[in-house]
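The values are calculated or read from the model by the stated rules, or taken from the named source; none is laboratory data. Since the model is a prediction, treat every value here as computed from it, not as a measurement. Please note: Cβ atoms are built from the backbone with ideal geometry, for glycine as well, and neighbour counts cover all protein chains shown. Ligands, DNA and RNA are stripped out before the accessible areas are found, and what is left, the full protein with its side chains, is counted by its heavy atoms. Shrake-Rupley method; radii C 1.70, N 1.55, O 1.52, S 1.80 Å.
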Amino acid sequence: MTKSLLKPLIAHCSLLIAFSAFAQPLNVVTTVGMIADVTKSVGGECVEVTGLMGPGIDPHLYKASASDVRTLQRTDIIFYSGYNLEGQLGEVL
């Protein structure tokens with residue numbers, strides 16, 4: 001039983017290793033630091049994370065700069081909290 005379960009697991013891991021060797025990391029933009037931290041922890045080497053708001057920035061009052069808009073346009077995926085935490089982000093997206 002153990003051998004029959006182990007073979008597919010090894011094959012799956014081999015495919016993941018082979019894929020990760022050729023794949024570029026996803027370009028991810030996050031809003032607040034807590035989301036950036038979680039994204040880095042979960043994504044590991046598969047993601048390149050850029051956080052829009054640094055320490056001390058109140059996300060409720062956030063307004064995207066021209067640089068932020070360019071960053072958002074060039075990303076593969078955006079992670080944000082929602083529930084109106086990020087102020088005016090909805091208007092930019």
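Contact list please: Cβ distance under 6 Å, first residue in the range 76-93 and more than 16 Å from E48 (Cα to Cα), second residue at pLDDT 75 or above and of a type in the set (K, R), pairs at least six apart or on different chains.
Q88/K63
Is it the case that I57 is surrounded by 13 or more Cβ atoms within 10 Å (Cβ to Cβ) and more than 11 Å from the chain's Cα centre (by Cα)? So that I can check it myself, show each step before the final result.
Numbers: surrounded by 13 or more Cβ atoms within 10 Å (Cβ to Cβ): yes; more than 11 Å from the chain's Cα centre (by Cα): yes.
Yes.
Restricting to the range 66-80, give me the number of residues that are open to solvent by 50 Å² or more (accessible area, probe 1.4 Å) and polar (S, T, N, Q).
Result for the range 66-80: 2.
Residue-by-condition table, conditions (1) surrounded by 11 or more Cβ atoms within 10 Å (Cβ to Cβ); (2) over 17 Å from G82 (Cβ atoms); (3) at pLDDT below 85:
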| residue | (1), (2), (3) |
| --- | --- |
| K7 | no, yes, yes |
| S14 | no, yes, yes |
| I17 | no, yes, yes |
| P25 | yes, yes, no |
| T30 | yes, no, no |
| I35 | yes, no, no |
| V42 | no, yes, no |
| T50 | yes, yes, no |
| M53 | yes, no, no |
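Quick one: Y83 ticks every box in (1) part of a loop (DSSP other than H, G, I, E, B); (2) of a type outside the set (D, E, K, R); (3) exposed (fewer than 12 other Cβ atoms within 10 Å of the Cβ); (4) modelled with pLDDT of 80 or more bar one, so which box is it?
(4)
L93 - would you say it is open to solvent by 50 Å² or more (accessible area, probe 1.4 Å) and on the phi < 0 side of the Ramachandran plot?
Details: open to solvent by 50 Å² or more (accessible area, probe 1.4 Å): yes; on the phi < 0 side of the Ramachandran plot: yes.
Yes: the conditions hold for L93.
V69 versus (1) in a loop (DSSP other than H, G, I, E, B); (2) free of Cβ contacts under 8 Å to residues at least 24 places away in the same chain: which is the lone unmet condition?
(1)
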